[in-house]
Amino acid sequence: AFLAHAYNSLGDNLRYEGEWDRALESLERALVLAKEVGDSRGMADPLITMGEIALRQGRYDDARQKMTEALELYQKSDDRWGEAYTLRALGAVYHRTGHGALALKTLREALHLATIIKDLRGVTAAQLMLAELNIAEERYEQAEEYLELARGALKSDPTQLRSSGLAQRLSGRLELVRGRFAEAQQQIAQSVSIFTAVADLYEVGLSHLEMG
């Protein structure tokens, strides 16, 4: 179990650095080792990360399959934190593949579950994802409401750097909608700085694309 956890942690770190092939190799090893001892959560952890990598690579069917497997395993092991995390990840897949109604339903479930188990970081992450979905579907007032809730939480816990980076990027996106281009550039530039600080090269790239 310890070795499986070590391979999973290595794979998790490598995916943020953009080393996706090496990350997947490490995660596959973690999955095999967890299967050998029948560790449901130990299988779910690498599966969800493999699903997130597939999402970043645009392999949406594979992402959904891996995440669905992970969700079932987290539910089997009564890991509600893992369940809420996976619901957020699935919501991202549904959003990316144009299933807006399903994304909204799944992300609301994730927010509800995170609230019940008092996973404050999970609550903030779900609020930001709901803000992003509402921006994409041009429901700007709802987006701003979710974004304001997330900003409030981030003020009390400034250690949530990845969520802070996303909040800055979404704030910039809303400024673009309002036609306030200088303010948008400033917000998005701040998101680049934050994602650079946590070495999340994928998110750095997304923020650069947003800046144009």
Next item on the list: Kindly list the number of the only condition in (1) open to solvent by less than 20 Å² (accessible area, probe 1.4 Å); (2) of a type outside the set (F, W, Y); (3) within 24 Å of L111 (Cα to Cα) that fails for D45.
Entry: (1)
Margin query: So, A54, is that one more than 22 Å from E203 (Cα to Cα) and not charged (D, E, K, R) or not?
Written below: no
Margin query: Being more than 22 Å from the chain's Cα centre (by Cα) and either of a type in the set (F, W, Y) or surrounded by 14 or more Cβ atoms within 10 Å (Cβ to Cβ) (or both) is the filter here; which residues of region 1-26 pass it?
Written below: F2, A4
Check: Residue check, V192 against (1) crowded, with 20+ Cβ neighbours inside 10 Å; (2) under 15 Å from the mean Cα position of the chain (by Cα); (3) not basic (K, R), all met but one. Which one?
Finding: (2)
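Residue check: is R29 at pLDDT 95 or above, open to solvent by 20 Å² or more (accessible area, probe 1.4 Å) and either of a type in the set (A, V, I, L, M) or more than 23 Å from F195 (Cβ to Cβ) (or both)? Break it down into steps so the answer makes sense when it comes.
Details: at pLDDT 95 or above: yes; open to solvent by 20 Å² or more (accessible area, probe 1.4 Å): yes; either of a type in the set (A, V, I, L, M) or more than 23 Å from F195 (Cβ to Cβ) (or both): yes.
Yes; evaluated as a whole, the condition is true for this residue.
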Item checked: Residue among A184, A136, A150, A167 that is among the aliphatic types (A, V, I, L, M) and surrounded by fewer than 21 Cβ atoms within 10 Å (Cβ to Cβ) -> A136
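Which residue is farthest from L130 (Cα to Cα), if the candidates are limited to region 170-181 and must be of a type in the set (A, V, I, L, M, F, W, C) and open to solvent by 50 Å² or more (accessible area, probe 1.4 Å)?
In the first step, residues of region 170-181 are kept if they are of a type in the set (A, V, I, L, M, F, W, C); the result is 170, 174, 176-177, 181.
Now drop any that are not open to solvent by 50 Å² or more (accessible area, probe 1.4 Å), which leaves 176-177, 181.
On the way: L176: 18, V177: 17, F181: 23 Å.
Of everything passing the filter in region 170-181, F181 is farthest from L130 (Cα to Cα).
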Check: So, in region 195-206, of the ones that are part of a helix (DSSP H, G or I) and open to solvent by less than 70 Å² (accessible area, probe 1.4 Å), which residue ends up farthest from G58 (Cα to Cα)?
Finding: F195
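Out of region 111-133, which residues are of a type in the set (A, V, I, L, M) and surrounded by fewer than 19 Cβ atoms within 10 Å (Cβ to Cβ)?
So in region 111-133, the residues of a type in the set (A, V, I, L, M) come out as 111, 113-114, 116-117, 120, 123, 125-126, 128-131, 133.
Within region 111-133, I116, I117, L120 qualify.
The values are calculated or read from the model by the stated rules, or taken from the named source; none is laboratory data. Since we're looking at a predicted model, the values are computed, not measured. Using ideal geometry, Cβ is built from the backbone for each residue, glycine included, and neighbour counts are taken over all protein chains shown. Surface areas here come from the heavy atoms of the whole protein model, side chains and all, with no ligands, DNA or RNA. Shrake-Rupley method; radii C 1.70, N 1.55, O 1.52, S 1.80 Å.
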